[in-house]
Amino acid sequence: MNRILDKKMILIVATLTSTAYLSGCGKTSDEEKALAVFSTSVSEFADYIKDTNEKINSLDASQEESVIELLEILDDMDNQFETFSQLEAPLQYAGVSNLARQASTDMSLAVSYYHTAYESEPFDENYANAAYQCYSNSIEYIRYIGYLLKGEKIPENDHVTVYEELNDENLLDKWLSGDDKNEAAYDNEPEAAN
């Protein structure tokens, strides 16, 4: 399996966590509390992904027991992704919810397909390939969550369509002026994906 978590994700989580904790000084609003809970959950999930990646990469493929271990790890991943998908994201991170749900759906499919592939006699390579594709898609959605948390644009592809929040006033000016000079004003951060 590919390396799941990169250094950028660790930086994102650290920044988000620090922001939430620093904003916790003094009187804390409900929004700050929600952000702190969200930040902690994202941090814990990122740590889980990192630990799980290390477990998967340390499995010895030549050992029969590794298949059982892998399936157990994947079952746990399915549960963790489901839990993460139910996380309430603060308004400024609303796009995270859709991505987390899609990541969970694809992880569930991947786990189901991996079970079918490894529990078939003989091993079913078609299910294994489908499982890997779903697994990769799921991890891709998690990476997109990282983009959102960093405030970066999510690259569009076959799996994700990015909808941008536009300032209606600028949009009206553009329509009325009939030119494309104001186009740069519409390059706002992604609001939601999927």
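Restricting the chymotrypsin sites (Phe, Trp or Tyr not before Pro) of segment 111-140 to loop positions (DSSP other than H, G, I, E, B) with no more than 15 neighbouring Cβ atoms within 10 Å leaves F123.
Here S66 sits with roughly 10 square angstrom of accessible surface, probe radius 1.4 Å. Subtracting the Cα-Cα distance of Q133 and K150 from 0.36 nm times their residue separation leaves 3.5 nm of extension gain.
The values are calculated or read from the model by the stated rules, or taken from the named source; none is laboratory data. Just so it is clear, the model here is predicted, and its values are computed rather than measured. For neighbour counting, all protein chains shown are included, and Cβ atoms are generated from backbone atoms with ideal geometry for every residue, glycine included. Side chains included, ligands, DNA and RNA excluded: accessible areas come from the protein's heavy atoms. Shrake-Rupley method; radii C 1.70, N 1.55, O 1.52, S 1.80 Å.
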